[in-house]
1. What does the charge count around Pro81 come to, taking other residues whose C-beta lies under 14 Å from its C-beta (Lys +1, Arg +1, Asp -1, Glu -1)?
2. Net charge near Lys70: determine it from the other residues with C-beta under 13 Å of the C-beta of Lys70, scoring Lys and Arg +1 and Asp and Glu -1.
3. So how far apart, in nm, are the two label points at Trp83 and Glu106 if each is 7 Å from Cα heading toward Cβ?
4. Around Leu57, under 10 Å between beta carbons, what's the net of Lys plus Arg minus Asp minus Glu among the other residues?
Amino acid sequence: GKKTLIVPMLPNLNRELEKWRKVTRFPKGSDLVFAETITGGPLEPRKVTKRFNKALLMAGVGPSEIREYKNNGKVYKRRHPLWEFRDLRDTFGSALMSNPNIAPREVQEAMGHANLSTTSARYGGFVPTTDLAERMSGSFGNCPSDVPQTSLNQAQLDPAETR
């Protein structure tokens, strides 16, 4: 059968969905977020993509390009977003992996990957290393940069001796 993936929900997103449930005709927890308003069934992937692209353009986010479309022999130019709906999933995984408070195994579970190697290969490159030098310095105790300037040997070195 089909595997159910349970992802922890951010508190502010949960509050917004609770507000939405009060005004929608689909208030049950089992109802789909991406539901047809008439049938209640899932949206067609083409419609989700179309709405996603429209939202990107309206918000003015993400890269885009001008594409030509033909209709009844006429050529039209229209801006087209380059992000895809799947990029939301990749952003989610990357954000989780870049958070030092979340273990890679937890990211694996949230992404629904069978193996940690899949998660690490796809999102492991997004782990920030900007504090690497600071963390490394903790391995060596007091470094000269940690010692106040007044306690350093005040002897002046002859530049010729340092060559």
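1. Details: positive: Lys50, Arg51, Lys54, Arg67, Arg78, Arg79, Arg86; negative: Glu65, Glu84, Asp87.
Around Pro81, the charge tally is +4.
2. Net charge in that neighbourhood comes out at +3.
3. Distance between label points: 2.5 nm.
4. Numbers: positive: Lys54, Arg78, Arg79; negative: none.
Taking every Cβ under 10 Å from that of Leu57, the sum is +3.
Every number here is computed from the coordinates shown, using simple stated rules; none is lab data. None of these values were measured; they are calculated from a predicted model. FYI the Cβ positions are ideal-geometry reconstructions off the backbone, even for glycines, and counts take in every protein chain you see.
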